[in-house]
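Participant: Let me give you the structure first, and then I'll get to my questions.
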Amino acid sequence: MSPSDISHEGVIKAIDRKTTTVEILSKSACSSCHAAALCTSMDAVKKDVEVPTDPSAHLQVGDNVKVVLRRDLGSKAVLLAYVVPLAIMLILVVALSFTSMHELLIGAIGLGGVALWYVVLYLIRGRVSNNYVFRIEK
């Protein structure tokens, strides 16, 4: 693993010929705080990640592993999921604010533009997901 990789520890839940399912525990930054048990903002979510199975890895269900993704792919995901929708909304709202439209309609069009972006992203999810390949390290 290089220093530019993003990794999460997890446990293998299932292995088949094509994919290995790893359960990772995604914790918020607050969970490492010494007062986390007393605070209501602590949250941890279990997520299942499917990783292509490497037949030469000799993995078994229950093994503790690291799921690794290249950092530049993480940045690309943030760009697609957060930056582009924000830019769409800002461009629509600012451009339409110079018209005589009602502000409520301008806001609705801005949200509609963002919703349309997520629909497009959903429709091309197959092509986008081919770029995001996780790997497992023991």
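Participant: Whose amide H sits under 5 Å from the amide H of T53, counting only residues 5 or more places off or on another chain, with H placed in the peptide plane?
Facilitator: Residues meeting the criterion, in which the H sits 1.01 Å from N, are T19, T20.
Participant: How long is the gain from D54 to Y118 if the chain were fully straight, where each residue apart is worth 0.36 nm and the alpha carbon distance is subtracted?
Facilitator: Extending this stretch completely gives an extra 19.8 nm.
Participant: Sort the following peptides by mean Cβ neighbour count (other Cβ atoms within 10 Å, averaged over residues), highest first: 105-116, 90-101.
Facilitator: 105-116, 90-101
Participant: If the cut-off is 24 Å between C-alpha atoms, which lysines fall inside it for K18, apart from same-chain ones fewer than 8 positions away?
Facilitator: Within the straight-line limit of under 24 Å, K18 reaches these lysines: K46, K47, K66, K138.
Participant: Follow-up question, since we're still on this one. Using a probe radius of 1.4 Å on heavy atoms only, what accessible surface per residue do you get for the range 77-123? Whole Å² is fine.
Facilitator: 72
Participant: Suppose a student asked you for the relative contact order of the range 52-126, using Cα pairs under 8 Å spaced at least 6 residues apart; what percent would you report?
Facilitator: Computed value for the range 52-126: 26 percent relative contact order.
The values are calculated or read from the model by the stated rules, or taken from the named source; none is laboratory data. Just so it is clear, the structure is predicted and the values come from calculations on it, not from any experiment. Don't worry about glycine lacking a Cβ; one is built from the backbone with ideal geometry, like all the others, and counts go over all protein chains shown. Only protein heavy atoms, including side chains, enter the accessible area calculation; ligands, DNA and RNA are left aside. Shrake-Rupley method; radii C 1.70, N 1.55, O 1.52, S 1.80 Å.
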